[in-house]
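**Q** Take a look at this one; I'll ask things after.
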Amino acid sequence: MKLLMLGNKAFARGLYEAGCMVVSSYPGTPSTEVTEEAAKYDEIYCEWAPNEKVALEVAFGASLAGRRSFCGMKHVGLNVAADPLYTASYTGVNGGLIICVADDPGMHSSQNEQDSRHHAIASKVPTLEPSDSAEACEFAKKAYELSEQFDTPVIIKMCTRVAHSQSVVDTAERVVPDPKPYEKNPAKYIMAPANAIKKHPLVEDRMRRLTEYAEDCPFNRVEMGDTKLGIITSSTCYQYAKEVFGDKACILKLGMVNPLPKKLILDFAAKVEKLVIIEELDPIIENHCRQLGLTLSGKDLLPMEGEFSQNMIAEKLGVEVPKGNSLDEQMPGRPPVMCAGCPHRGMFYTLKQNKCTVLGDIGCYTLGSAPPLTAIDMVLCMGASLSSIHGFNKATAGQCEGKTVAVIGDSTFVHSGMTGLANIAYNQSNSTVIILDNSITGMTGHQQNPTTGYNIKGDPAGKIDLEALVRAMGINRVRVVDPYDLAACDQVVKEELAASEPSVIISRRPCVLLKYVKAAPPLKVDCEKCVGCKSCMRLGCPAISVKNRKAVIDTTLCVGCGVCSQLCKFGALQKG
Amino acid sequence: MTKNIMIVGVGGQGSLLASKLLGHLLLKEGYDVKVSEVHGMSQRGGSVVTYVRFGDKVYSPIIDKGQADFIVSFEKLEAARYLEYLKPDGRIVVNTQEIDPMPVITGAVSYPENLIEKMEEKGAAVDAMDCLALAEEAGSSKAVNIVLMGRLSKYFDNISLEKWQKAIEECVPPKFLELNQKAFLLGRG
């Protein structure tokens, strides 16, 4: 049946059709929907793991047990999962094992723009790169065969435009291969030095065999056209190149990007007058071609950073592009903002009022860095807030302890904040940590996590008690506060900053977008009392503006949280 | 010949339902279709763009500057922001609602005035209407997306009203169907 499917949904369909039995992932844009969609098939066991390393090890365990398994993550997640990845390359698999890694060129929702193909090359794991939804489905199915044929995990690299574009997919029935029995095999599965030493040459041999396979595999293809120009490309860049050149160029489309073929590329290059490599991010295909001795263009024309598009490729290659008209004036920007009623807002307001240095983390609350709150000083990677505050406080010998805090979300805390807290408790810095517990993984679109009490299907599950966990790790001062209560937030923050031992403040209120959170009636402005002082505007709530020197509440956005009314000295903002 | 529809607005306004409806309808009409969406960070009240492309064979999932046959905008400022993507003979269908972005709320800049006129001065064909009022008339302020789809449908001579209505039936939960059908007809005018 032909259906319009998101790339990630098509990927999940491929997993289903290929008989995948176990999925374990950590959410991360743009990879999240592969796992969410897989979870809609009752035949597949699916879960959200606490982080990508755990997820990949779960999927590895399922492979060890002889079942086809899957693990999905965004590009930076593969850094977290790199440890099991590099050695799973040595052990190989029993049941097929696919890892989805989704890159984010253009950084729509990411903290860096790293190119996952480097991990593929370094870990010596074969890697496929679909260019649309149909290929996402097809490659997922074929990747299992490849994984089992070559005894290796297989990476399927997605990117934002493939993951989050819908295109037509022809679906098929699910076929589950017979499970492979688990057999004890220490030489294959115990990667102690004596065994690993013997494994490494086998991995090198596998790469040689995979390179031969790449010369004539179903993932790579040549589309002949005008031989004046030859283009080697992959992923969404293939679509842009076809859009610009159609059959006015020859195209070598690479669906397998690690290892790269040699003879296929040399034969293709020999047929064309001029060779151009079109790839987003790093010059990996380009460097490979240069090593083969080819003369070509690539990053001399096209940038290393950002997303490509059809017009950009056309312009760089000297093809005329359509032009549009823009207005003469600059339009005001519309950056993303914390939602009206967001529980994080009250805590960030408190931190700003207390002039705190705030070491931040990854999640919706990164938006606390935006004006007018500008309440965050640093964001690095998952969990870094807790580890960094310890280093910051140690380095400044107590001078900064009284005004520095770390903020981290509930899901991020479990992902990789716990180890940072263990370090604070063990090596004893007088650090103040605030867990912004909104009872969900917010930014990626509401995934459950180990602190919410529900699993990926929304059924009741185990629930980590954050207070008990933090105490058990050796933190004696643990406070819980409602971020809608500004006076309580201010008091707790002041007290914990003044304390002479490590402390954890749990700022707890569920995300306002959760279905079970019922909005209160929108607030009303008493225009007699409003003097237009704009105190309420300091919160940066998108539901409040000031028109004609009076506060105005957007009733379609306001959820009646009442935080703004606590700032109004004149009682002008009233419960609706 | 590939046709390009760009849907622009503010995160949370419901553009995903609009693109779902278009994708569903156009696929049933026998076209190759690609729809490109925005997920994640930008959805939190930021400027969002969805691309819908259809034709015999569609390659790129995105629409570039000077290529859009239609820009369907949920908000006035967003229409102006993406004007450069419109083809010289393209058309803008715009909800005249104004939603202040944070730099306007904080007072750093002001909301630009006379945007419809300014877009027309640049040669754009602009079909502007108060979709929020029509959505509320239909029963919910959230139906702005379907009001806009109703307006857009007027410009598709080859797709009958019945086909649009059938597509809505197939894309919208039953309990909201009547409201959405009403919103669609109000938009279509």
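The values are calculated or read from the model by the stated rules, or taken from the named source; none is laboratory data. The shown structure was predicted, so the numbers you read here are calculated from the model rather than taken from an experiment. Positions of Cβ are generated from backbone atoms using ideal geometry, with glycine treated the same way; all protein chains shown enter the neighbour counts.
Each row is one residue, and each column tells you yes or no for (1) in a helix (DSSP H, G or I); (2) crowded, with 24+ Cβ neighbours inside 10 Å; (3) away from chain B (no Cβ under 14 Å); (4) more than 26 Å from the chain's Cα centre (by Cα).
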{"residue": "A:Ala340", "(1), (2), (3), (4)": "no, yes, no, no"}
{"residue": "A:Lys355", "(1), (2), (3), (4)": "no, no, yes, yes"}
{"residue": "A:Leu367", "(1), (2), (3), (4)": "yes, yes, no, no"}
{"residue": "A:Leu373", "(1), (2), (3), (4)": "no, no, no, no"}
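**Q** May I pose another question? Please work out if A:Cys46 is crowded, with 20+ Cβ neighbours inside 10 Å, closer than 17 Å to A:Ala163 by Cβ, modelled with pLDDT of 95 or more and not charged (D, E, K, R).
**A** Numbers: crowded, with 20+ Cβ neighbours inside 10 Å: yes; closer than 17 Å to A:Ala163 by Cβ: no; modelled with pLDDT of 95 or more: yes; not charged (D, E, K, R): yes.
In short, no.
**Q** Starting from residues that are part of a strand (DSSP E or B) and of a type in the set (D, E, K, R), keep the ones in the range B:19-50 and report whichever is nearest to the chain's Cα centre (by Cα).
**A** First, pick out the residues of the range B:19-50 that are part of a strand (DSSP E or B): B:32-36, B:47-50.
Filter again for of a type in the set (D, E, K, R), leaving B:32, B:34.
Numbers: B:Asp32: 20, B:Lys34: 16 Å.
Of everything passing the filter in the range B:19-50, B:Lys34 is nearest to the chain's Cα centre (by Cα).
**Q** Filter the range A:313-326 down to residues that are at the interface with chain B (Cβ under 9 Å from one of its Cβ atoms) and in contact (Cβ under 8 Å) with a residue 12 or more places away in the chain, then give me how many there are. Steps first, answer last, please.
**A** Step one: of the range A:313-326, the residues at the interface with chain B (Cβ under 9 Å from one of its Cβ atoms) are A:314, A:321-326.
Still in the running and in contact (Cβ under 8 Å) with a residue 12 or more places away in the chain: A:314.
The number of residues fulfilling the criteria is 1.
**Q** Follow-up question, since we're still on this one. Would you pick out the residues in the range B:88-105 that are crowded, with 19+ Cβ neighbours inside 10 Å and either at the interface with another protein chain (Cβ under 10 Å from one of its Cβ atoms) or farther than 23 Å from B:Ile63 by Cα (or both)?
**A** B:Gly90, B:Gln97, B:Ile99, B:Asp100, B:Pro101, B:Met102, B:Val104, B:Ile105
**Q** Please state which of the following conditions A:His288 fails to meet, knowing it meets all the rest: (1) in a helix (DSSP H, G or I); (2) surrounded by fewer than 23 Cβ atoms within 10 Å (Cβ to Cβ); (3) within 14 Å of another protein chain (Cβ to nearest Cβ).
**A** So A:His288 meets the others, but not (3).
**Q** Okay, moving on. Quick check on my filter: what residues within the range A:327-338 are of a type in the set (D, E, K, R) and either at the interface with chain B (Cβ under 7 Å from one of its Cβ atoms) or under 24 Å from A:Asp482 (Cα atoms) (or both)? Let's see the steps before the verdict.
**A** Quick first cut of the range A:327-338, residues of a type in the set (D, E, K, R) only: A:328-329, A:334.
Selection gives A:Glu329, A:Arg334.
**Q** Report the residue count in the range B:60-70 for those that are within 10 Å of chain A (Cβ to nearest Cβ) and either at positive phi or touching a strand residue (DSSP E or B) at 6+ places or on another chain (Cβ under 8 Å) (or both).
**A** Residues of the range B:60-70 that are within 10 Å of chain A (Cβ to nearest Cβ), as a first pass: B:60-68.
Now narrow it down to the ones that are either at positive phi or touching a strand residue (DSSP E or B) at 6+ places or on another chain (Cβ under 8 Å) (or both): B:60-63, B:66-68.
Number satisfying all stated conditions: 7.
**Q** Considering the range A:240-255 alone, what residues qualify as being surrounded by 24 or more Cβ atoms within 10 Å (Cβ to Cβ), under 25 Å from the mean Cα position of the chain (by Cα) and not aromatic (Phe, Trp, Tyr)?
**A** Listed by number, the list holds a single entry, A:Leu254.
Quick grid of which residues meet (1) in a helix (DSSP H, G or I); (2) within 14 Å of chain B (Cβ to nearest Cβ); (3) out of contact with any Cys (no Cβ under 7 Å at 6 or more places or on another chain); (4) crowded, with 23+ Cβ neighbours inside 10 Å:
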{"residue": "A:Glu145", "(1), (2), (3), (4)": "yes, no, yes, no"}
{"residue": "A:Glu148", "(1), (2), (3), (4)": "yes, no, yes, no"}
{"residue": "A:Met158", "(1), (2), (3), (4)": "no, yes, no, yes"}
{"residue": "A:Arg161", "(1), (2), (3), (4)": "yes, yes, yes, yes"}
{"residue": "A:Ser167", "(1), (2), (3), (4)": "no, yes, yes, yes"}
{"residue": "A:Pro177", "(1), (2), (3), (4)": "no, no, yes, no"}
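**Q** Another question about this same structure. Looking at B:Ala133, B:Ala167, B:Ala125, can you tell me which residue is surrounded by 17 or more Cβ atoms within 10 Å (Cβ to Cβ) and of a type outside the set (D, E, K, R)?
**A** Values: B:Ala133 fails: surrounded by 17 or more Cβ atoms within 10 Å (Cβ to Cβ); B:Ala125 fails: surrounded by 17 or more Cβ atoms within 10 Å (Cβ to Cβ).
Only one candidate qualifies: B:Ala167.
**Q** Checking B:Tyr59 against (1) farther than 30 Å from B:Tyr111 by Cβ; (2) not in a loop (DSSP other than H, G, I, E, B): exactly one of these is not met. Which one?
**A** Failed condition: (2).
**Q** Among (1) at the interface with chain A (Cβ under 9 Å from one of its Cβ atoms); (2) not in a helix (DSSP H, G or I), which single condition is B:Arg53 missing?
**A** Failing condition for B:Arg53: (1).
**Q** For A:Leu260, all conditions in the list (1) of a type outside the set (D, E, K, R); (2) modelled with pLDDT of 95 or more; (3) surrounded by fewer than 19 Cβ atoms within 10 Å (Cβ to Cβ); (4) part of a loop (DSSP other than H, G, I, E, B) hold save one; what is the number of the exception?
**A** Single failed check for A:Leu260: (3).
**Q** Restricting to the range B:155-189, count the residues that are of a type outside the set (Ser, Thr, Tyr) and assigned to a loop (DSSP other than H, G, I, E, B). If you could, list the steps in order and put the result at the bottom.
**A** So in the range B:155-189, the residues of a type outside the set (Ser, Thr, Tyr) come out as B:156-159, B:161-189.
Among the residues that remain, those that are also assigned to a loop (DSSP other than H, G, I, E, B) are: B:156-159, B:172-173, B:189.
Residues flagged as of a type outside the set (Ser, Thr, Tyr) and assigned to a loop (DSSP other than H, G, I, E, B) within the range B:155-189 amount to 7.
**Q** Just for the range A:263-285: of the residues that are of a type outside the set (Asp, Glu) and part of a loop (DSSP other than H, G, I, E, B), which one is surrounded by the fewest Cβ atoms within 10 Å (Cβ to Cβ)? Quick ask: steps written out before the conclusion?
**A** If we filter the range A:263-285 for residues that are of a type outside the set (Asp, Glu), which is where we start, we get A:263-266, A:268-272, A:274-278, A:281, A:283-285.
So of that shortlist, the ones also part of a loop (DSSP other than H, G, I, E, B) come out as A:272, A:281, A:283.
Details: A:Val272: 22, A:Leu281: 22, A:Pro283: 17.
Among those that are of a type outside the set (Asp, Glu) and part of a loop (DSSP other than H, G, I, E, B), it is A:Pro283.
**Q** Could you please find all residues in the range A:121-143 being crowded, with 21+ Cβ neighbours inside 10 Å and within 14 Å of chain B (Cβ to nearest Cβ)?
**A** Of everything in the range A:121-143, those that are crowded, with 21+ Cβ neighbours inside 10 Å and within 14 Å of chain B (Cβ to nearest Cβ) turn out to be A:Pro130, A:Ser131, A:Asp132, A:Ser133, A:Glu135, A:Ala136.
**Q** Okay, next question. Which one is nearest to the chain's Cα centre (by Cα) among residues in the range A:1-32 that are charged (D, E, K, R), surrounded by fewer than 24 Cβ atoms within 10 Å (Cβ to Cβ) and modelled with pLDDT of 95 or more?
**A** The first filter runs over the range A:1-32 and keeps only residues charged (D, E, K, R), leaving A:2, A:9, A:13, A:17.
Then drop every residue that is not surrounded by fewer than 24 Cβ atoms within 10 Å (Cβ to Cβ), which leaves A:2, A:9, A:17.
Checking the rest, the ones that are also modelled with pLDDT of 95 or more come to A:9, A:17.
Working: A:Lys9: 16, A:Glu17: 25 Å.
Checking each candidate, the answer is A:Lys9.
**Q** Could you tell me whether any residue of the range B:2-25 is over 20 Å from B:Leu148 (Cβ atoms) and more than 7 Å from chain A (Cβ to nearest Cβ)?
**A** Our first condition is that a residue be over 20 Å from B:Leu148 (Cβ atoms); within the range B:2-25, this holds for B:2.
With more than 7 Å from chain A (Cβ to nearest Cβ) added as a condition, the list becomes B:2.
Yes, the conditions are met somewhere in the range B:2-25.
**Q** So, A:Thr227, is that one among the hydroxyl-bearing types (Ser, Thr, Tyr), part of a helix (DSSP H, G or I) and either over 33 Å from the mean Cα position of the chain (by Cα) or outside the structural domain of A:Leu275 (by TED's automatic domain parsing) (or both) or not?
**A** Judged against the criteria, A:Thr227 is not a match.
**Q** For the subset of the range B:29-50 comprising residues that are surrounded by fewer than 21 Cβ atoms within 10 Å (Cβ to Cβ) and modelled with pLDDT of 95 or more, which member is farthest from the other protein chains (Cβ to nearest Cβ)?
**A** In this case the residue turns out to be B:Glu29.
**Q** A follow-up question, please. Could you please let me know if A:Phe392 is more than 11 Å from chain B (Cβ to nearest Cβ), over 20 Å from A:Arg471 (Cβ atoms), of a type in the set (Phe, Trp, Tyr) and out of contact with any helix residue (DSSP H, G or I) (no Cβ under 7 Å at 6 or more places or on another chain)?
**A** On the way: more than 11 Å from chain B (Cβ to nearest Cβ): yes; over 20 Å from A:Arg471 (Cβ atoms): yes; of a type in the set (Phe, Trp, Tyr): yes; out of contact with any helix residue (DSSP H, G or I) (no Cβ under 7 Å at 6 or more places or on another chain): yes.
Yes.
**Q** Oh, and also: Go over the candidates B:Ala135, B:Ala108, B:Ala80 one by one and state the one that is touching a Ser or Thr at 6+ places or on another chain (Cβ under 7 Å) and either assigned to a helix (DSSP H, G or I) or more than 7 Å from chain A (Cβ to nearest Cβ) (or both).
**A** Details: B:Ala108 fails: touching a Ser or Thr at 6+ places or on another chain (Cβ under 7 Å); B:Ala80 fails: touching a Ser or Thr at 6+ places or on another chain (Cβ under 7 Å).
Going through B:Ala135, B:Ala108, B:Ala80 in turn, just one is touching a Ser or Thr at 6+ places or on another chain (Cβ under 7 Å) and either assigned to a helix (DSSP H, G or I) or more than 7 Å from chain A (Cβ to nearest Cβ) (or both): B:Ala135.
**Q** Kindly check whether there is at least one residue in the range B:182-189 that is over 14 Å from the mean Cα position of the chain (by Cα) and surrounded by fewer than 19 Cβ atoms within 10 Å (Cβ to Cβ).
**A** yes
**Q** Check A:Val244, A:Val203, A:Val176 and return the single one that is of a type outside the set (S, T, N, Q), in contact (Cβ under 8 Å) with a residue 40 or more places away in the chain and closer than 19 Å to B:Val58 by Cα. Working first, answer last.
**A** Values: A:Val203 fails: closer than 19 Å to B:Val58 by Cα; A:Val176 fails: closer than 19 Å to B:Val58 by Cα.
Just a single option satisfies the conditions, and that option is A:Val244.
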